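**Q** My questions will all concern the structure given below.
The values are calculated or read from the model by the stated rules, or taken from the named source; none is laboratory data. Keep in mind it's a predicted model, so treat the numbers as computed, not measured. Using ideal geometry, Cβ is built from the backbone for each residue, glycine included, and neighbour counts are taken over all protein chains shown. The accessibility values were calculated without ligands, DNA or RNA, using every heavy atom of the protein model including side chains. Shrake-Rupley method; radii C 1.70, N 1.55, O 1.52, S 1.80 Å.
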Amino acid sequence: MLKTLMGLSAASAVLAASVAVQALTVTNNDATSHALTVDEGDDQETAMIEPNATKSDFCASGCTISMKGGQIMKVTGADKLVIENGQIKKM
């Protein structure tokens, strides 16, 4: 009985780890910080991405990202973006 319970606990832990929520990842390769406007429908916020940093704790269910200069991109939580020379693009 104890072995069965231990086996079920281990299986539950593996299943829980594999159902992790994805979030958008943005890496800023520029030497200056950039402000991204994140529009998730009813919610809109500004995310600052510092120089040579990565941010990945937003936009889990998809959103529209815009950058100063008018660049707009629809993304999902599975997307990975990079900022280089002031431009944002999918990796």
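**Q** If you take the residues in the range 37-66 that are of a type in the set (Val, Ile, Thr) and open to solvent by 50 Å² or more (accessible area, probe 1.4 Å), which one is nearest to VAL82 (Cα to Cα)?
**A** Top of the filtered list is THR54.
**Q** Being in a strand (DSSP E or B) and in contact (Cβ under 8 Å) with a residue 40 or more places away in the chain is the filter here, so list the residues in the range 66-91 that pass it.
**A** Listed by number, the residues that qualify are VAL75, LYS80, LEU81, VAL82, ILE83, GLU84, ILE88.
**Q** When the range 41-65 is examined, which residues are found to be in contact with a strand residue (DSSP E or B) (Cβ under 8 Å, 6 or more places away or on another chain) and touching a residue at least 24 places away in the same chain (Cβ under 8 Å)?
**A** Hits for the range 41-65 are ILE49, ASN52, ALA53, THR54, LYS55, SER56, PHE58, CYS59, ALA60, CYS63, THR64, ILE65.
**Q** Can you tell me which residue is farthest from the chain's Cα centre (by Cα) among those in the range 26-56 that are under 19 Å from LYS90 (Cβ atoms) and acidic (Asp, Glu)?
**A** Ranking the candidates gives ASP30 first.
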